[in-house]
Amino acid sequence: MKNLAILISGRGSNMESLIKATRDGRIRNAQAALVISNIADAPGLHTASKLGVETLVLDHRGKKREEHDRQMAAEIDARNMDLICLAGYMRLLSTWFTQEYENRILNIHPSLLPAFPGLAAQQQAIDHGVKFSGCTVHIVDEHLDHGPIVAQSVVPVLASDTPESLASKILVEEHRIYPEAVDFLLNGRFRIDGRRVQAVDA
Ligand code: GRF
């Protein structure tokens, strides 16, 4: 059984979808064992507790980035986590942390990377006038919203879309592809070749 740690800062809907996927068989041979939030009143903490997952609050304020990340790492290592899933975790990670867990951190971002990294990706997509956007699950490296891409899904952007309506459409796809990507990385056979994550036939 593999252990997932999930890092959040807010609502936690992707966290919830990952936890549920470990229980209904979409993510095989894994349990969501720890949720860490850097924000004490993140609504996702209640959701995780209700679902019976251990939660921890590690406030980042007043600490250097790497110092905070080393505290997270101590908690993660004490519990033997196999994979770290960022799910609306709104802090940049230190290079130390990304290297310590190389190829073992995943993120979901609400755009088709490399388009529109960073904050307000849905607003960026609308402002740019793209006809399609979507979401990306990627391996986390030391650069923001940058590492090798594991999965993507596309949604149309309509003239009538607002950032909120686009975010809702994308979120449906996020909740579908993030569990699929986690299952693939934990249970599939793949090779990371530069930026390309490729399935390897058994
Ligand atoms: C999602 O859109 C995710 O792609 C982005 O932040 C949002 C988090 O939403 N990284 P939630 O907390 O998972 O509901």
Given (1) among the aliphatic types (A, V, I, L, M); (2) more than 23 Å from ILE139 (Cβ to Cβ); (3) surrounded by 15 or more Cβ atoms within 10 Å (Cβ to Cβ), identify the lone condition not met by VAL57. (3)
Out of (1) within 17 Å of the chain's Cα centre (by Cα); (2) surrounded by 22 or more Cβ atoms within 10 Å (Cβ to Cβ), what's the single condition that is false for SER133? (1)
Pairs, first touching a residue at least 12 places away in the same chain (Cβ under 8 Å) and on the phi > 0 side of the Ramachandran plot in segment 1-12, second within 11 Å of the ligand (Cβ to nearest atom) and of a type outside the set (Phe, Trp, Tyr), C-beta under 6 Å, six or more apart: GLY12/GLY44; GLY12/THR47
Just to verify a result, which residue in segment 93-113, among those that are more than 16 Å from the chain's Cα centre (by Cα) and within 21 Å of LEU185 (Cβ to Cβ), is surrounded by the fewest Cβ atoms within 10 Å (Cβ to Cβ)? GLN99
Which of (1) away from the ligand (no atom under 12 Å from the Cβ); (2) open to solvent by 60 Å² or more (accessible area, probe 1.4 Å); (3) farther than 24 Å from GLN31 by Cβ does ARG189 not meet, given it meets every other one? (3)
Check on VAL35, within 16 Å of the ligand (Cβ to nearest atom), without any contact (Cβ under 8 Å) to a residue 40 or more places away in the chain and within 23 Å of THR136 (Cβ to Cβ): yes
Log entry, pairs with first residue in segment 180-196 being farther than 19 Å from ASP145 by Cα, second being open to solvent by 100 Å² or more (accessible area, probe 1.4 Å) and of a type in the set (A, V, I, L, M), beta carbons closer than 9 Å, six or more apart or on different chains, reads ARG189/ALA202
In the set ALA125, ALA159, ALA181, ALA121, the lone residue that is hydrophobic (A, V, I, L, M, F, W, C) and closer than 21 Å to THR98 by Cα is ALA181
Is there a residue in segment 68-76 that is touching a Lys or Arg at 6+ places or on another chain (Cβ under 6 Å), open to solvent by 10 Å² or more (accessible area, probe 1.4 Å), more than 14 Å from the ligand (Cβ to nearest atom) and modelled with pLDDT of 95 or more? no
Does segment 115-149 hold any residues that are in contact with a His (Cβ under 8 Å, 6 or more places away or on another chain) and more than 15 Å from the ligand (Cβ to nearest atom), and which are they? PRO148
Residue in segment 88-104 that is aliphatic (A, V, I, L, M), within 16 Å of the ligand (Cβ to nearest atom) and within 17 Å of ALA5 (Cβ to Cβ) present: yes
Scope segment 136-176; condition part of a helix (DSSP H, G or I) and either surrounded by 14 or more Cβ atoms within 10 Å (Cβ to Cβ) or of a type in the set (A, V, I, L, M, F, W, C) (or both); matching residues: PRO163, SER165, LEU166, ALA167, LYS169, ILE170, LEU171, VAL172, GLU173, GLU174, HIS175, ARG176
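The values are calculated or read from the model by the stated rules, or taken from the named source; none is laboratory data. Computed from a predicted structure; not experimentally measured. Because the Cβ atoms are built from the backbone with ideal geometry, glycine has one as well, and the counts that use them run over all protein chains shown. For accessibility, only protein heavy atoms count, side chains too; no ligands or nucleic acids. Shrake-Rupley method; radii C 1.70, N 1.55, O 1.52, S 1.80 Å.
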